[in-house]
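These notes are about the structure you will find just below.
The values are calculated or read from the model by the stated rules, or taken from the named source; none is laboratory data. A quick note: this is a predicted structure, and the numbers were derived from the prediction, not measured. Virtual Cβ from ideal backbone geometry, glycine too; neighbours counted across all protein chains shown. Just the protein is used for accessible areas: all its heavy atoms, side chains included, with ligands, DNA and RNA removed. Shrake-Rupley method; radii C 1.70, N 1.55, O 1.52, S 1.80 Å.
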Amino acid sequence: MEWLDSTLRFFSLVDANVRWVVFGSILLGGAAGGLGCFAYLQKRSLLGDALAHAALPGVALAFLLMGRKDFLALLIGASITGWLGALAINYIIKESKIKLDAALGIVLTVFFGLGIVILTHIQKSGSGAQSGLDKFLFGQAAAMGRDDVVILGIVALTMLVVVSLGFGRFKLISFDAAFGRSLGMNVGLLQFALTTMIVFAVTIGLQAVGVVLMAAMLITPAAAARQWTDKLHLMVILASVFGILSGLFGAYISFLAPRFPTGPWMVIVVTALFAFSMLFAPNRGVISYIRQHYANRRKMTREHVLKVLFKAGQDGKLWKKYYPFDQIKRMWSFTQRELQSALRTLQSQGMVEKSGSMYRLSDSGITEGARVTRLHRLWEVYLSRYLELPEDHVHRDAEDMEHIITPEMEARLEELLDHPEYDPHRQEIPYIGREKNQ
């Protein structure tokens, strides 16, 4: 059980190198994930990618100046050029007609190209100290030591404090910066602070994840968290948790398979979390969407059954008449399966009564059938009167709308249309179950 021994050794953190890699990856994932929410909500998801690439020449220039790989110096150099990249993006957007995505692309390619040129120069200079500098492209978390983690911790803690203190203001400018200005907020300063923290988040992640993959650690946790909640504070917490999990399990997998670096595994883990969120999140997930889609279809079928039975008995008010299954099926071209399912549910709800193989509406079924028919015909009147659609063009649209009109909308329609008695086809609008002039 070699893998079990390795697992126990990893999670016990007895190995100093493992300990620093785990702490560094967790700090990076948590900080980048939380901050990425603000960039994601401002629709600036590629900002992290551009800033990560803009940081590369800073790393190379800092090495040239120091003559050695001093992590703090490399961090400062990366922060400076990352910030210059952010300024360049804002300048291009403000002073030209170039849009955000094009500005991000320009800054990304120019700074990354400059960084590659300087790195190539360093590699050809023959300096022995430059060994491993190219790891900043894809990251090398295993190279992190105690001092690196201390710096990561200070930067992450500073960002946590700043975000906590200004959370309300950051929240406001993320959703409606114009409203913030109208309240007298210094939106420019807040945006400056937010961009600065994103630059720092990107910078501290370069050694672990690298320039190329850092954008994934900034945006993917936020995108995954967005699937689970509509509240920003929960989204930030969830994104940080996803980032922390990706850091922890990315380091764990890399520990079990040392030939594969930690950074790419972190990205794979957070991508798996995103895929899981996309599939299983309760309100926005694909599974939830499919379940809701079929629930709506079944509801529409049941309402169609009630409507056709009500319309069949409307002449002479013969709603208590029984109809055989096959006749009901032909009334709307129902499939065998969906009609059986709809009738079973309506029976259990007490809206349809069965006698042998015959069905009819109950009293509550008559009321509900009248409601669906009324909504359909009211909407036809609205389309005909206000949008001036011809009579033969209103039916299809009303078929869709009758299922989503709320009681409030129904009352508003009746008031707006002055409680009409007939639809455009001269069919009576039933007010059964609802007083006409209510």
(request) Would you kindly derive the ³J(HN,Hα) couplings of segment 158-172 from the backbone phi angles with the Karplus curve 6.51 cos²θ - 1.76 cosθ + 1.60 (θ = phi - 60°), listing them in order in whole Hz, with x for Gly and Pro? (result) 4, 5, 4, 5, 4, 5, 5, 5, x, 4, x, 5, 4, 5, 5
(message) Rounded to the nearest 20 debye, what is the charge dipole size of the chain about its Cα centre when +1 sits on each Lys and Arg Cβ and -1 on each Asp and Glu Cβ?
(response) 560
(message) Over the chain, with the other protein chains present, what is the accessible area per residue in square angstrom, probe 1.4 angstrom?
(response) 51
(message) Net charge within 15 Å of MET278 by Cβ-Cβ distance, Lys/Arg positive one each and Asp/Glu negative one each, not counting MET278 itself?
(response) +3
(request) Please give the net charge around THR373, taking every other residue with its beta carbon less than 9 angstrom from that of THR373, where Lys and Arg add +1 and Asp and Glu add -1. (result) +4
(request) State the answer as a single residue: which of LEU41, ILE244, ILE432 lies farthest towards the positive end of the charge dipole of the chain, with beta carbon charges of +1 for Lys and Arg and -1 for Asp and Glu, about the Cα centre. (result) ILE244
(request) Name the residues whose placed amide hydrogens come within less than 5 Å of the amide hydrogen of GLY139, ignoring near sequence neighbours (fewer than 5 apart) on the same chain. (result) GLY210, VAL211
(request) Mind grabbing the accessible area of VAL286 for me, 1.4 Å probe, Å², rounded to tens? (result) 60
(request) Could you tell me which of the pairs LYS299/LYS354; LYS317/LYS354; LYS99/LYS124; LYS299/LYS321 are separated by over 31 angstrom between their Cα atoms in the structure shown? (result) LYS99/LYS124
(request) Run a plain Debye calculation on the chain (Cα atoms as equal point scatterers, no solvent) and give log10 I(q)/I(0) at q = 0.09, 0.11, 0.12, 0.13 Å⁻¹, rounded to two decimals, same order as the q list. (result) -0.73, -0.85, -0.92, -1.02
(request) Treating the angle as unsigned and between 0 and 90°, give the value, to the nearest 10°, between the Cα long axis of helix 100-124 and the longest Cα principal axis of the chain. (result) 30
(message) Amide H of TYR323 versus every other amide H placed in the peptide plane: which residues, excluding those fewer than 5 positions away on the same chain, fall under 5 Å?
(response) TYR359, ARG360
(message) Given contacts defined as C-alpha pairs under 8 Å and at least six residues apart, what's the relative contact order of the chain, whole-number percent?
(response) 17
(request) Per DSSP H run of n ≥ 4, the term is -39500 (n - 2.57); total these for the chain, divide by its residue number, and report the mean residue ellipticity at 222 nm rounded to 500 deg cm²/dmol. (result) -23500 deg cm²/dmol
(message) How large is the accessible surface of MET351 in square angstrom, using a 1.4 angstrom probe and rounding to the nearest 10?
(response) 40
(message) I want to verify the translational diffusion coefficient of segment 181-259 in µm²/s; compute it with Stokes-Einstein, Rh as the Kirkwood radius over Cα pairs, at 25 °C and 0.890 mPa s.
(response) 169
(message) Give the aspartates and glutamates reachable from LYS231 as a straight Cα distance under 19 Å; neighbours fewer than 8 places away on the same chain don't count.
(response) ASP176
(request) Using only Cα atoms, tell me the angle between helix 214-226 and the longest principal axis of the chain; keep it within 0 to 90° and round to the nearest 10. (result) 30
(request) Roll a 1.4 angstrom probe over the protein heavy atoms and tell me the percent of accessible area of segment 352-438 that is carbon or sulfur. (result) 46
(message) Per residue of segment 230-243, what does 6.51 cos²θ - 1.76 cosθ + 1.60 with θ = phi - 60° give for ³J(HN,Hα)? Whole Hz please, x for Gly and Pro, Karplus curve as stated.
(response) 9, 9, 5, 5, 5, 5, 5, 5, 4, 4, 5, 4, 4, x
(message) Using +1 at the C-beta of Lys and Arg and -1 at the C-beta of Asp and Glu, which of TYR422, SER364, MET401 has the Cα lying farthest in the positive direction of the dipole of segment 361-438?
(response) SER364
(request) For segment 48-54, just list the computed ³J(HN,Hα) in residue order, Karplus coefficients 6.51, -1.76 and 1.60, θ = phi - 60°, integers in Hz, with x standing in for Gly and Pro. (result) x, 4, 5, 5, 4, 5, 5
(request) Please list 270-283, 143-156, 19-32 highest first by mean number of surrounding beta-carbon atoms within 10 Å per residue. (result) 19-32, 143-156, 270-283
(message) Using the Cα centre of the chain as origin and beta-carbon charges of +1 (Lys, Arg) and -1 (Asp, Glu), tell me which of LEU413, PHE175, ILE204 is placed farthest towards the positive end of the dipole.
(response) ILE204
(message) Charges at C-beta only: +1 for Lys and Arg, -1 for Asp and Glu. How large is the resulting dipole of segment 35-105 about its Cα centre, in Debye rounded to 20?
(response) 120
(message) I'd like the carbon and sulfur percentage of the solvent accessible area for segment 186-260, probe radius 1.4 Å, heavy atoms only, ligands and nucleic acids excluded.
(response) 73
(request) Please report, as a whole percent, how much of the solvent-accessible surface of segment 47-168 comes from carbon and sulfur atoms (probe radius 1.4 Å). (result) 68
(request) Round to the nearest 10 and give me the degree value, 0 to 90, for the angle of helix 363-386's Cα axis relative to the longest principal axis of the chain. (result) 70
(request) Let me know the charge dipole size of segment 104-260 about its Cα centre in debye, to the nearest 20, where only the beta-carbon of Lys, Arg (+1) and Asp, Glu (-1) is charged. (result) 100
(request) Scan around VAL352 for amide H atoms under 5 Å from its own, H built in the peptide plane at 1.01 Å from N, and keep only partners 5 or more places away or cross-chain. (result) GLN347, SER362
